[in-house]
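Peer 1: My structure is below; once you've seen it, I'll send some questions.
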Amino acid sequence: MKLAKTYQPELYEADIYALWEKSGVFAPTEQGEPYSLVVPPPNANGNLHMGHALSFAMQDIAARYHRLKGERVAFIPGADHAGFETQVVFERELEKQGKSRFDYSRESLYEQIYNFVEQNKENFQTQIRKLGASVDWTSYTFTLDDSIVKQAYATFKKMWDENLIYRGERLVNFCTKHGTAFADIEVSYQEEQGKLWKIRYPLSDGSGEIVVATTRPETMLGDTAVAVHPKDNRYVGMVGKTIKLPLTNREIPIIADEYVDIAYGTGAVKITPAHDQNDFEIGQRHDLPSISVIGFDGKLVHSVGDRFRGLSVLEGRESVINALKESGYLVGEEELTHSVGHCYKCGTVIEPLLKEQWFIDIKPLAQTALESIREGEIDFLPESKRTQLERYLENIKDWNISRQIVWGIPIPAFQNEEDPADWIYDERVNQEVITVNNKHYRRDPDVFDTWFSSSSWPYATLGFPDNQAFKDFYPLSLMESGFDLLYPWLSRMIMLGLYVTGEIPFKKVYLHGMITDEQGRKMSKSIGNVTDPMEAIAKFGSDALRIGIVSGQTPGNNQPYVEAKVIGGRNFINKLWNIARYLEGNIESFEDKSVEAYSAIDNWILNRLSTTRNSYQKNMDSYRFSEAYELIYHFIWDDLADWYVEASKSEPNKPLLVSLLKASLVMIHPFAPFVSETIWQTLVLNQDSLLINHPLIDLPKGDRVQSDRFDSIKSLILEIRSLIKATGAAKVKLYYRNEPLVASFATLINQLGGTISVEDGEPGQGVALVASGFSCWLDIDQEAIDHYVTRLEKLISEEQKRTRSLHDRLNNPKYIEQAPENLVSESRAQLNESEQTLENLLDEKMRFSPRQ
RNA sequence: GGGGCUAUAGCUCAGUUGGCUAGAGCGCAGCAUUCACAUUGCUGAGGCCCAUGGUUCGAGUCCAUGUAGCCCCACCA
């Protein structure tokens, strides 16, 4: 035997993957309907987590299935430079060596990170192979590849020319530890306990005062107004007057703005345009100056006398409070809960700081995207994500694409050294200073937000606009991703795709939920509940992991990682393996031969296959992979292994067995690629052939009458088994009378039913098998009769219930009138059958307890 | 405040456009075991499908309200 007793994945997986890769089957074929999907690029520097495993599994199932259907599948892998993420990891490495990013020049740092990523790149590529992902490695793309950079520049240029790019001094979300700004959606907000201080602001003319409430007293040094609501009677006479700002004695105006909530706090708000988004907007409306109090290092830059400057924000806050207390301006403080933005990486409080940045005027792009989405050009699974995306796009804000890090694509913009307002687009980013028209321009030191380049992924990887791949495979057939990327990535791919190519980037979006631990908690290093997919593969095999995470999977819902399901997958794989072993030991030739059905069970299994095959395809086509898997699982385990193989042991129909195995292997292949290909290769089912690109197999349908005969024999066998177990009888004989079907299946019934013999006999012997409707008797011993009667009573009560409910249904004239005819006639047939069974059961009971 | 999701067996979850006796895996109970497979086979127990109301011949499925839990966005002076 070539097949070992149990399937040991570690012996085969690497070789099988290498075989596929070497034979070039991952690349698209020349013929067939195009089917395309591009992998959401994982961080080139990281390890794959369970979410990646799920995502790759879903995509690979789709890709493999469409290959089996004979389509030309483009399944494109890639990696993301993950700008900020990676730089943070690298900075941690530097920290360990007692160094910091500021010890190196920009160029040197870039090079070091580049090498760092290169070294680790192989790691994650190996992991993708271990997952069995059938990606076309020849089209592998990295987000810093020249082609991608060129795309990013082309897109930026197009926006620049069309005035969709602007540079503005805006409030940006700044992490003072990492020294970079973030987009709004990258800020992570947390509820926190804080304090609301009330501060007295005296009017300059001495006619009174206004009390303002604030959670950030340190920013008062940069106040440039106090705002009240125009309809607030308390302050209506003060609007237009000025206030003498405590501590600095600067005079600032009292303004009226609808933004102020009369009911909140004191109804008066200090306005600090340099450190608060709403204040900034009010400042713009009222033409207020902005005074920065906090620097990019998170230290106060403002001083009163020699106080405050150089203090951290928190120290400054305390210091300002003390100063206000000393001078009697602080009139109250209370506790409050508010949400505070943090750096999603290091937890540092995000400071809104004024900074010149590049922005994309995103509204026109969002509008186009909205129209496409509303018109249903993209299918969403689950559908509810469409609505969510629409809401997001309706309220979208301009996109800050500048990042103050080195690990990324340099922004191709240069600033006139003499005229700061004069910016030009130029791609000579490897030069710090360029000369154009005798003027010197200095390169913007910033790089693009990683999402800016990765949002071009669908068309950039395919080589927009001229590559054949783009023409053949755009828009993509499928985009599979975690739902957490709906806003940061999916929305932007749709916007940029439409903007650049004029077409949606993908036709279908499948969004999976997050993988949690078994208690539904997020996997996190600090809780210690993380399961590494590579460990799971080492323990149970790649196929088992795939089955474990895909079965029961539905779009949009979080799912726990349940090891028992992976074990279930492993067990199933072993079952499949052992079916193959059985065939290996009993069949001489695995060549294709024409299939003929001789027996009732041959016809039965062919019908089971055909039914399974149809539903399988329906479910696979609609991305209901879990349903499809369950179908094959039951076909292979229950129908094929437990019934067909068992029943055919005495007289095996060998060509049919071979065909059934082949058909099963093809269908299960997307779910269990390694074991199915291993069996295919080991049994040399066909020299030179690979399972991975074998077409789905259709066998002839079985004869209905023949097939039904086996179904009734099967239910007889089930009844025998059940009865023997229920009565506890041992060594029982089955008798039948005038039952040619039973007679012809006598050997099989005896073998599978667990009797000691099946023979023609006199009616009245033993107890009757009424449920399956044959005139058969089991000669159970006397002690077992009591159990038998109990069981009969249970069956009778169940059957009565059923008869009653069928009666009720058919006695309802509206049901007869309005329900479809086939349902009504089906109900009638069921009632007949049920009444017959009930009668038999009652008769049988009378025989044993006639007095009742 | 706005939007979205979830509630089905002890656990984790399926359940296509409403259709008749609601499924799976694991777990549990019992029985078996020289057979391709103990990563096994066989039998079985276990469910007011969150609640109430509605639509319908018919509701786990559709609608409304409520309860409980979760997520996202906005606000938070």
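Peer 1: Run through segment A:1-77 and list the trypsin sites (Lys or Arg not before Pro) located in a DSSP loop whose Cβ has at most 15 other Cβ atoms within 10 Å.
Peer 2: Working: sites: A:LYS2, A:LYS5, A:LYS22, A:ARG64, A:ARG67, A:LYS69, A:ARG72; in loops: A:LYS2, A:LYS5, A:LYS69.
Answer by residue number: A:LYS2, A:LYS5.
Peer 1: Also, I was wondering about something else. Set the Förster radius R0 to 41 Å, insert the Cβ-Cβ distance between A:TYR259 and A:ARG442 as r into 1/(1 + (r/R0)^6), and round the FRET efficiency to 0.05. Let's see the in-between values first.
Peer 2: Numbers: r = 38 Å, r/R0 = 0.94.
Efficiency at R0 = 41 Å is approximately 0.60.
Peer 1: Exactly which trypsin sites (Lys or Arg not before Pro) in segment A:727-777 are in a DSSP loop and have at most 16 other Cβ atoms within 10 Å? It would help to have the intermediate numbers written out before the result.
Peer 2: Numbers: sites: A:LYS731, A:LYS733, A:ARG737; in loops: A:LYS731, A:ARG737.
Those that pass, being in a loop and sparsely packed, are A:LYS731, A:ARG737.
Peer 1: Among the aspartates and glutamates, select those whose C-alpha is under 14 Å from the C-alpha of A:LYS195, and discard any that sit fewer than 8 residues away in the same chain.
Peer 2: Cross-link targets: A:GLU218, A:GLU318, A:GLU333, A:GLU334, A:GLU335.
Peer 1: For chain A, what is the mean residue ellipticity at 222 nm derived from helices alone (per DSSP H run of n ≥ 4: -39500 (n - 2.57); sum divided by total residues; nearest 500 deg cm²/dmol)?
Peer 2: Using -39500 (n - 2.57) per qualifying helix, the result is -13500 deg cm²/dmol.
Peer 1: So which lysines pass the test for A:LYS345, namely a Cα distance under 18 Å, with those fewer than 8 places away in the same chain ruled out?
Peer 2: Within the straight-line cut-off, A:LYS345 pairs with A:LYS96, A:LYS177, A:LYS522, A:LYS525.
Peer 1: Set the bar at 25 Å for Cα to Cα. Now go through A:LYS231/A:LYS355; A:LYS69/A:LYS593; A:LYS130/A:LYS654 and name every pair that lies beyond it. Working shown, then result.
Peer 2: Details: A:LYS231/A:LYS355 34 Å; A:LYS69/A:LYS593 22 Å; A:LYS130/A:LYS654 35 Å.
Beyond 25 Å between Cα atoms: A:LYS231/A:LYS355; A:LYS130/A:LYS654.
Peer 1: How much length would be gained if the chain were fully extended between A:THR215 and A:ASP698, taking 0.36 nm per residue of separation minus their Cα-Cα distance, in nm to one decimal? Spell out each step's value before the answer.
Peer 2: Numbers: separation 483, 0.36 × 483 = 173.88 nm, distance 7.12 nm.
So the chain would gain 166.8 nm between A:THR215 and A:ASP698.
Peer 1: Out of segment A:194-239, which trypsin sites (Lys or Arg not before Pro) are coil in DSSP terms and have no more than 13 other C-beta atoms within 10 Å?
Peer 2: Values: sites: A:LYS195, A:LYS198, A:ARG200, A:LYS231, A:ARG234; in loops: A:LYS231, A:ARG234.
Hits after loop and neighbour filter: A:LYS231, A:ARG234.
Peer 1: Just to confirm a number: summing +1 for Lys and Arg and -1 for Asp and Glu over residues other than A:PRO533 whose beta-carbon lies under 11 angstrom from that of A:PRO533, what do you get?
Peer 2: Numbers: positive: A:LYS130, A:LYS539, A:ARG546; negative: A:ASP532, A:GLU535.
Around A:PRO533, the surrounding residues sum to +1.
Peer 1: Over chain A, calculate the relative contact order: mean separation of alpha carbon pairs under 8 Å at least 6 apart, over the residue count, as a percent. Could you put the intermediate results ahead of the total?
Peer 2: Working: 1449 pairs, mean separation 103.7, N = 852.
For chain A, the relative contact order is 12 percent.
Peer 1: Turning to a different aspect of this structure: Using Cα centres only, tell me the gap between segment A:627-653 and segment A:198-228 in whole Å.
Peer 2: One Cα centre to the other: 81 Å.
Peer 1: What is the projected area of the convex hull of the Cα atoms of chain A, averaged over all directions, in nm²? Write out the running numbers ahead of the final one.
Peer 2: Details: hull surface 202.8 nm².
One quarter of the hull surface, i.e. the mean projection, equals 50.7 nm².
Peer 1: I've got another one for you. Report, in whole Å, the centroid distance computed from the Cα atoms of segment A:735-752 and segment A:665-725.
Peer 2: If you average the Cα positions of each part, the centres end up 25 Å apart.
Peer 1: Oh, and also: Cα centroid distance between segment A:324-390 and segment A:548-576, in Å?
Peer 2: The distance from the Cα centre of segment A:324-390 to that of segment A:548-576 comes to 37 Å.
Peer 1: Ok, one more. Which lysines, on any chain, are close to A:LYS733 with Cα under 25 Å apart, when same-chain ones fewer than 8 places away are left out?
Peer 2: A:LYS649, A:LYS714, A:LYS725, A:LYS794, A:LYS845
Laboratory data are not the source of any read-out in this text; all were calculated from the coordinates shown. Bear in mind the structure is a predicted one, so any value in this text is a computation, not a measurement. As a convention, Cβ positions derive from the backbone with ideal geometry for all residues, glycine included, and neighbour counts pool all protein chains shown.
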